[in-house]
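The values are calculated or read from the model by the stated rules, or taken from the named source; none is laboratory data. What you see is a predicted model; the values in this text were computed from it and never measured. With ideal geometry, Cβ positions are generated from the backbone for all residues, glycine too; neighbour counts draw on all protein chains shown.
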Amino acid sequence: MSSEIHSFTFDKAGLKLVRQSPRGKNWPVVYFIHDDNNLYIGETTSASTRMDQHLKNEAKKDLKLIEFIFDPSFNKSVILDYEQRLIKYCSVDKQFAHILNQNMGQQAAHDYYERERYRNQFSVLWKQLQNEGLAKHSLDIIENDNIFKFSPYNALTGEQNEVSIEIMNDIIDSFEKGQQGVSLVDGCAGTGKTVLAISVINSLVNAANIDLRLLQDAENEFVESIDEDKKKALLRIKDFIQKERNGKPFKIGIVFPMPGLRQTVSRVFKECGNGLSRDMVIGPSDVVKEDYDILFVDESHRLSKRKNLTGYDSFDKTSRKLGFNPEETNQLEWILKSAKHTVLFYDEYQSVKSSDISHSEYQESLKKYGNIIKRHKLETQMRCKGGDAYIDYVKDIMSCRRKDFEVIGNDYEFCLFDDVNIMIENIRKKDAEYGLCKTVAGFAWEWKTKPKGKPKDDMKYYDFLVKNGKYDILIENHPYIWNLTNEDWITREDSRYTIGCIHTTQGYDMNFVGVIFGEEIDYNPATNALEINLDKYMDKKVKQSTDEETLKQLMLNTYTTIMTRGIKGCYVYACNSNMKKYLRQYIARANKVTVGDTV
């Protein structure tokens, strides 16, 4: 049986009708209270009691309607789960301009009996909401939106929630002691480091505004969904801000070393509101422009040293301003000196440029802070439906330590193509169906078509290149064009037809990713090792003054990273014959697929 949506006027007359309803007094429900622009989402086991409470609330008194979602199969776990999901989806959907829920960072998403069935049923409910005019966009459209992926409304896993509480307590411990503090969160690709960072920032920003009466009200939905440890951490933050800072909030920044991801999250912060603002999102050199209390650093493995940079003058100027010798410092040291507490998110296997701080250099920079560093670990992979097993499998393949073929479950498509154009066309078809499905390649071809400036997102420059026979990549007589920009490529219309690189995709999720192993990487059966051909590697900036062993590790990191971008699947093609033969041992060959006309 599907859910039923019952609508009542949000007034005493409506309350009387709710009390007379068969499930109005003692049944778990989810509900919307709204007018044309404002929406509040809640859950309760007593619709009439909760409605009576809301009618007495000054902030909601002008709302017009209340819609109760009744379902005979609902229980308390289901409505808590649905409430969180509805807040997140509705905040992105924008059918209502303002979501009124007080949010301090979503709480842990717990498992419960038949959760998968209820999660699948949620899509049916969402269509009902669309039909009733309570939702606008489809779930697919919403889930592909960057605001959805980087939203402060993301529900944390149990592991993420524990680490978020630990980080908040780290921060308050260091401030209460009047000492500098460092929190280091180690996690591989897909463990949700960015989501965790944004959630903690959201909690810190909003903690000062917590209404203590709400936290003491056992009937309040926010209190019901928050665990005791998080409640204590939030109260510690509020208490410190009130007593030690006279109500002055923390000055917080989140550093993104990669310009594309920085630009994306900046827009998310601007559109989300909830106390978040785009000026919080900064680059490494911006840390000297403000006096920061707390700095978060996402993808801190991508922080740079003074090597193979585009702008040495800027690096030198920032270094000297902070009292460092430019020849001996790096961006990690800048950041550690620029905040009272620093939260670093790190994965040593995702360093992909020679300008990135190496693992040993990273550890060396942290040495002087050894006594104050609090270390945390994220271990559960959340991006790929192939799970942790898929990530480990890819790492084994790229390190040539895999012995046997393994099937990566029924929910994840991991397959090898013999024809590059069939693979690319299938990725394009997937992109038309799901969105966010792109092809990415190793840097084995020059970027001849690089435009001057950033082309408008209207396909005109791509069409111009095609009509004039211009291309960058030629494989099996099939010509392709590199990404037309390094910033926001993944969301552009022309990204369906162009080939991306590591610099345009790191930090982003895709539904399906197609990966082309270029001629710069091959397998040597005599040594059972992957080898690189520097003559075929075209990233001159990375190659400059970099030894071959370091370059090899950077390339292996690059391919490992891009192979773990896909949520639903990863398609693979290799240019070199030995590489093809090697990958066939561990990746299932794709079924022959007939595609439509080549674009």
>> With of a type in the set (Phe, Trp, Tyr), in contact with a Lys or Arg (Cβ under 8 Å, 6 or more places away or on another chain) and not assigned by TED's automatic domain parsing to the domain that holds Asp35 as the only criterion, which of Phe122, Phe175, Phe150 stands out?
In response: Phe175
> What number of residues within the range 183-231 are modelled with pLDDT under 85, surrounded by fewer than 19 Cβ atoms within 10 Å (Cβ to Cβ) and closer than 21 Å to Val352 by Cβ?
Replying inline: 0
> If you go through the range 150-165 one residue at a time, do you hit one that is in contact with a Gly (Cβ under 7 Å, 6 or more places away or on another chain), surrounded by fewer than 22 Cβ atoms within 10 Å (Cβ to Cβ), within 30 Å of Phe32 (Cα to Cα) and not hydroxyl-bearing (Ser, Thr, Tyr)?
Replying inline: no
> Does the range 408-420 contain at least one residue that is surrounded by fewer than 21 Cβ atoms within 10 Å (Cβ to Cβ), at positive phi and in contact with a helix residue (DSSP H, G or I) (Cβ under 8 Å, 6 or more places away or on another chain)?
Replying inline: yes
>> Taking the conditions exactly as written (surrounded by fewer than 22 Cβ atoms within 10 Å (Cβ to Cβ) and either among the aromatic types (Phe, Trp, Tyr) or not in a loop (DSSP other than H, G, I, E, B) (or both)), does Lys307 satisfy them or not?
In response: no
> Restricted to the range 302-326, and to residues that are in contact (Cβ under 8 Å) with a residue 24 or more places away in the chain and among the hydrophobic types (A, V, I, L, M, F, W, C), which residue is nearest to Lys540 (Cα to Cα)?
Replying inline: Leu309
> Val593 passes all but one of (1) crowded, with 21+ Cβ neighbours inside 10 Å; (2) in contact with a helix residue (DSSP H, G or I) (Cβ under 7 Å, 6 or more places away or on another chain); (3) at pLDDT below 95; which number fails?
Replying inline: (1)
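Looking only at strands (runs of 3 or more DSSP E) that lie completely in the range 442-546, which have at least 1 residues being closer than 25 Å to Lys581 by Cβ and in contact with a Gly (Cβ under 7 Å, 6 or more places away or on another chain)?
Because the criterion is at least 1 residues that are closer than 25 Å to Lys581 by Cβ and in contact with a Gly (Cβ under 7 Å, 6 or more places away or on another chain), the strands (runs of 3 or more DSSP E) in the range 442-546 that meet it are 510-517, 521-524.
Right, Leu276: crowded, with 21+ Cβ neighbours inside 10 Å, in a loop (DSSP other than H, G, I, E, B) and in contact with a Phe, Trp or Tyr (Cβ under 8 Å, 6 or more places away or on another chain) or not?
Spelling it out, Leu276 is indeed crowded, with 21+ Cβ neighbours inside 10 Å, in a loop (DSSP other than H, G, I, E, B) and in contact with a Phe, Trp or Tyr (Cβ under 8 Å, 6 or more places away or on another chain).
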> Which residues, counting only those in the range 421-466, are touching a helix residue (DSSP H, G or I) at 6+ places or on another chain (Cβ under 8 Å), of a type in the set (A, V, I, L, M) and crowded, with 17+ Cβ neighbours inside 10 Å?
Replying inline: Leu436, Val440, Ala444
> Counting only residues that are surrounded by 17 or more Cβ atoms within 10 Å (Cβ to Cβ) and not aliphatic (A, V, I, L, M), which one in the range 472-485 is farthest from Arg383 (Cα to Cα)?
Replying inline: Asp472
> Can you name the residue in the range 125-149 that is more than 25 Å from Gly260 (Cα to Cα) and touching an Asp or Glu at 6+ places or on another chain (Cβ under 6 Å) and is also surrounded by the most Cβ atoms within 10 Å (Cβ to Cβ) among such residues?
Replying inline: Ala135
> Would you call Lys60 within 30 Å of Lys430 (Cα to Cα) and of a type in the set (Lys, Arg)?
Replying inline: no
> Within the range 442-459, which residues are within 19 Å of Thr558 (Cβ to Cβ) and in contact with a Phe, Trp or Tyr (Cβ under 8 Å, 6 or more places away or on another chain)?
Replying inline: Gly442, Phe443, Ala444, Trp445, Trp447
>> For the range 10-42, give me each residue that is in a loop (DSSP other than H, G, I, E, B) and more than 19 Å from Asp71 (Cβ to Cβ).
In response: Phe10, Asp11, Asp35, Asp36, Asn37
> Taking the range 232-263 as the search range and keeping residues that are hydrophobic (A, V, I, L, M, F, W, C) and more than 23 Å from Lys149 (Cβ to Cβ), which one is surrounded by the fewest Cβ atoms within 10 Å (Cβ to Cβ)?
Replying inline: Leu235
>> Consider the range 447-499. How many of its residues are touching a residue at least 24 places away in the same chain (Cβ under 8 Å), on the phi < 0 side of the Ramachandran plot and within 29 Å of the chain's Cα centre (by Cα)?
In response: 26
>> For the range 303-315, check the following and say yes or no: at least one residue is touching a Leu at 6+ places or on another chain (Cβ under 8 Å), at pLDDT 95 or above and farther than 28 Å from Tyr508 by Cβ.
In response: no
